[in-house]
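**Student:** Once you've had a glance at the structure underneath, I'll fire off some questions.
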Amino acid sequence: MKMGSLRAWGCGCAVLVLGVALAGWAEPAERVPAAGVSLMVRRPVAEELLEKLARIPVEQAEPRTCAVEFPAQQARFIRLDIRTTGGNTEPCLDELEVYGPGGPDNLALGARGAVASASSVLAGYAIHAVAHLNDGLYGNDHSWISATSGTAWAQIELPQAGAVSRVVLSRDREGRFRDRLVTGADVRVMAPMIATEGEAIWFAERVRALGLPKVGIMIEVPAAAIRSKGILYHVDFASLGTNDLQQYTMAADRMQGELADLLNPWEPALLDVVALACEGGAAMGKPIGVCGESAGDPGMALVLAGLGVSSLSMAPGKVAAVRTALSLHTLAECQQMAAAARVATTPKAAKAAVLAQADEVLLDELRIFENLPLSSGISVASMATEDQPTPTPSCPSRGPTS
């Protein structure tokens, strides 16, 4: 059985908060005194979201929008997980907008530096590209359509984290089309920088008290990977932030150019830490994803799949190459590659060990991916040298800075 079914997520990110922009409460609010403390008790936002989706007009002359407001939260990634559509068709959005508290400006606009990504896109239609999710243009001719029926996701990555308090989604604000309507969505929240089981418990209890259906964490520090079994007992899923996880594992600030040799994603020590996290996920039956630069490397995607990762997050332009890599290899082959990479002594040796086992078709894809000439004279060893990150010049300093 080939690995083509493993999902390749189309977003590149360092610290991911899935669906955090929808993690709030809905009006009406009621103040309830408890032990001298005034608490805000509100109806769960998941319930409100479903109600608002159900109220989207279906008459052809009406625009189709849904807005969800909530107390301001710091977020950089805002994601909508679509679970159902009218007629089980491919979902369509002409815009996914994000607003701050009291601000009229759409923070999600591509013109402001925000980046849109999605689970897939309907092939062959330029008017339905992913970029239309945040181009500021309304109507069917400037919309995104998924390639899958019923379920999909769309995400906005803001240029930097900021206060977010409202999300607006729409199908066709020109009011011409009434198909492909989103009728159900899953609200997900993920906490970054979880380090202990106690922190996971604290977060999960508060999220579930709000009625949110899914609770996740980021694994970005080695402590969380080492203790992943206990931590994942209390949550539903996790995502590995490999960029941060590597700098904390190697005690090397990724902004320090002189330490770039310690920040190679093929570093065997990092793969060992990823393996620990995946072992905890497998023991608890909880899915583990990867969010970081390494997920977009076709060769590394094979290693991650072999370690037990179930989903990958990357820039849209890298999805095709990663999908090809996964489709050409079985899970058992990926596991063998992962084992070979882990026992290597250097990042270069780890990458070479994996490419030595790779399908020849993939090697041609990698030559294209890494801008190398398509020639049988290009060896696996030479390809394995092209794997160093581009450093940012600065003074050397071991350890991440705040």
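The values are calculated or read from the model by the stated rules, or taken from the named source; none is laboratory data. Quick caveat: nothing in here was measured; it's all calculated off a predicted structure. Positions of Cβ are generated from backbone atoms using ideal geometry, with glycine treated the same way; all protein chains shown enter the neighbour counts.
**Student:** Does any residue of the stretch 170-186 turn out to be closer than 24 Å to GLY296 by Cα and of a type in the set (A, V, I, L, M, F, W, C)?
**Tutor:** Within the stretch 170-186 (the criterion being closer than 24 Å to GLY296 by Cα and of a type in the set (A, V, I, L, M, F, W, C)), the answer is no, since none of the residues qualifies.
**Student:** Next up: If you check ILE217, ILE194, which single one turns out to be within 30 Å of TRP144 (Cβ to Cβ), surrounded by 21 or more Cβ atoms within 10 Å (Cβ to Cβ) and outside the structural domain of TRP153 (by TED's automatic domain parsing)?
**Tutor:** None of the others qualify; the one that does is ILE217.
**Student:** Please tell me if SER146 is within 27 Å of PRO104 (Cα to Cα), among the hydroxyl-bearing types (Ser, Thr, Tyr) and outside the structural domain of PHE237 (by TED's automatic domain parsing).
**Tutor:** Against the criterion (within 27 Å of PRO104 (Cα to Cα), among the hydroxyl-bearing types (Ser, Thr, Tyr) and outside the structural domain of PHE237 (by TED's automatic domain parsing)), SER146 does not qualify.
**Student:** If you don't mind, there's one more thing I want to ask. Taking the stretch 217-227 as the search range and keeping residues that are of a type outside the set (Lys, Arg) and within 13 Å of GLU199 (Cβ to Cβ), which one is farthest from the chain's Cα centre (by Cα)?
**Tutor:** ALA223
**Student:** Find the strands (runs of 3 or more DSSP E) located wholly in the stretch 98-213 whose residues include 1 or more that are among the acidic types (Asp, Glu) and modelled with pLDDT of 85 or more, and list them.
**Tutor:** No strands (runs of 3 or more DSSP E) qualify here.
Residue-wise test of (1) of a type in the set (Ser, Thr, Tyr); (2) out of contact with any helix residue (DSSP H, G or I) (no Cβ under 7 Å at 6 or more places or on another chain); (3) in the same structural domain as ARG227 (by TED's automatic domain parsing).
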residue	(1), (2), (3)
LEU262	no, no, yes
VAL273	no, no, yes
GLY289	no, yes, yes
VAL309	no, no, yes
ALA320	no, yes, yes
THR324	yes, no, yes
LEU328	no, no, yes
CYS334	no, no, yes
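**Student:** Further question: Do any helices (runs of 4 or more DSSP H) entirely within the stretch 286-385 hold 2 or more residues that are modelled with pLDDT of 90 or more and buried (at least 20 other Cβ atoms within 10 Å of the Cβ), and if so, which?
**Tutor:** Because the criterion is at least 2 residues that are modelled with pLDDT of 90 or more and buried (at least 20 other Cβ atoms within 10 Å of the Cβ), the helices (runs of 4 or more DSSP H) in the stretch 286-385 that meet it are 298-307, 319-327, 331-342, 347-355.
**Student:** OK, next. Can we say GLY103 is closer than 20 Å to VAL164 by Cβ and without any contact (Cβ under 8 Å) to a residue 12 or more places away in the chain?
**Tutor:** Criteria met by GLY103.
**Student:** Tell me which residues, restricted to the stretch 235-252, are buried (at least 21 other Cβ atoms within 10 Å of the Cβ) and either in contact with a His (Cβ under 7 Å, 6 or more places away or on another chain) or assigned to a loop (DSSP other than H, G, I, E, B) (or both).
**Tutor:** Scanning the stretch 235-252 gives a single hit, VAL235.
**Student:** Looking only at the stretch 197-209, which residues are surrounded by fewer than 20 Cβ atoms within 10 Å (Cβ to Cβ) and not aromatic (Phe, Trp, Tyr)?
**Tutor:** Passing the criteria: GLU197, GLY198, GLU199, ILE201, GLU205, ARG206, ARG208, ALA209.
**Student:** Among the residues of the stretch 256-285, write down those that are in contact with a Leu (Cβ under 9 Å, 6 or more places away or on another chain), touching a residue at least 60 places away in the same chain (Cβ under 8 Å) and assigned to a helix (DSSP H, G or I).
**Tutor:** Listed by number, the residues that qualify are LEU271, ALA275.
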